[in-house]
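Where a number appears in this text, it was derived from the coordinates with a stated rule and is not lab data. Everything numeric here is computed off the predicted structure, so don't read it as measured data. Neighbour counts run over all protein chains shown; Cβ positions are idealised from the backbone, glycine included.
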């Protein structure tokens with residue numbers, strides 16, 4: 001099966017020093033890029049010296065040790081290559097909305113590169129799987145493709161498994177309807193259309209991967225934490241500049257900081273009209 005694309009689509013996976021998307025660092029990234037009217041994808045695989053210790057838990061998962069990374073480049077040294085390879089592509093992965101995307105955004109932010117998600121669609125293959133058949137990547141590959149996952153937690157092996165799973169999902173759920181927890185029925189929910197997959201795999205009530213901001217019932221962005229929980233974020237931050245600067249200078253994700261700057265800018269522009 002060929003993906004129906006009108007622009008590039010990058011499947012990617014990162015292995016890291018740990019699970020904290022703000023504090024931890026990438027040790028390996030693998031990207032497989034599909035382009036419209038091109039049958040063969042292109043690949044980029046890179047080991048990265050994180051400059052900080054790798055947790056024992058992380059090493060037990062991916063098997064990458066400090067010795068493996070001793071002579072590898074830092075993220076700063078390969079950031080432009082990775083950024084250029086991705087370009088304006090949409091992004092796809094397995095649990096990528098909660099981990100891989102925000103982790104990559106943080107790495108770019110540290111080296112002064114703004115990796116904007118504003119016009120980029122994201123397709124989280126795990127969310128399709130969890131909605132339709134709740135399990136793991138290994139089980140997904142067996143369920144949809146009747147394959148065993150070899151070299152699990154090697155980034156490139158995981159990416160290729162994710163590609164196979166999505167193709168299997170598109171075939172299995174062609175024409176299948178989906179009923180959510182409120183008994184709302186979506187016809188042909190999982191189809192070979194990147195916008196439809198983006199819509200199906202994203203929870204639009206939460207805005208950022210760390211769930212600091214969300215939409216309320218009226219579609220307004222509100223705080224999901226702290227003393228202003230439930231309050232309209234743009235209005236509050238425009239009036240309370242101390243709180244605004246606190247968010248920009250404290251340990252919030254670069255995704256949150258990008259959103260905060262944009263909504264305040266839009267709010268103040270609208271107030272000035």
Item to check | Packing-based exposure ordering (other Cβ within 10 Å, fewest first) of 2, 76, 15 | outcome: 2, 76, 15
Checklist entry - Counting only Cα, what are the radius of gyration and maximum Cα-Cα distance Dmax of segment 213-272, in Å? => result 10.8, 31
Checklist outcome for this item: Length gained if residue 84 through residue 195 is fully extended, taking 0.36 nm per residue and subtracting the Cα-Cα distance, is 37.7 nm
Checklist entry - Once you put a point 7 Å from the Cα of residue 57 and another 7 Å from the Cα of residue 184, both along the Cβ direction, what distance in nm separates them? => result 3.4
Checklist entry - When only Cα pairs under 8 Å and 6 or more residues apart are kept, what is the percent relative contact order across the chain? => result 16
Checklist entry - Which value in nm describes the separation of the simple spin-label points at residue 204 and residue 249, placed 7 Å from the Cα toward the beta carbon? => result 3.7
Checklist outcome for this item: From fewest to most C-beta neighbours within 10 Å, the residues 121, 135 line up as 135, 121
Checklist entry - Calculated FRET efficiency, residue 265 and residue 42, Cβ-Cβ r, R0 30 Å, to nearest 0.05? => result 0.25
Next on the checklist: Please state the shape class of segment 1-160: rounded when a/c is under 1.5, otherwise prolate if a/b exceeds b/c and oblate if not, all from the C-alpha gyration tensor.
Outcome noted: oblate
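Fewest Cβ neighbours within 10 Å first, please rank 128, 29 accordingly. Please list the in-between numbers first.
On the way: 128 23, 29 26.
Least to most surrounded, the residues fall as 128, 29.
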Item to check | Choice from 192, 37, 88 showing the highest fluctuation, given a GNM over the chain with Cα pairs closer than 10 Å | outcome: 37
Checklist outcome for this item: Here the FRET efficiency for residue 148 versus residue 2, based on Cβ atoms and R0 = 22 Å and rounded to 0.05, is 0.30
Checklist entry - What is the antiparallel percent of DSSP beta bridges lying wholly in segment 9-201, to the nearest 5? => result 75
Item to check | Three-way shape label, segment 86-217, alpha-carbon gyration tensor, a/c 1.5 | outcome: oblate
Next on the checklist: Run lengths n ≥ 4 of DSSP H only: what is the helix-derived mean residue ellipticity at 222 nm for the chain, with -39500 (n - 2.57) per run over all residues, to the nearest 500?
Outcome noted: -12000 deg cm²/dmol
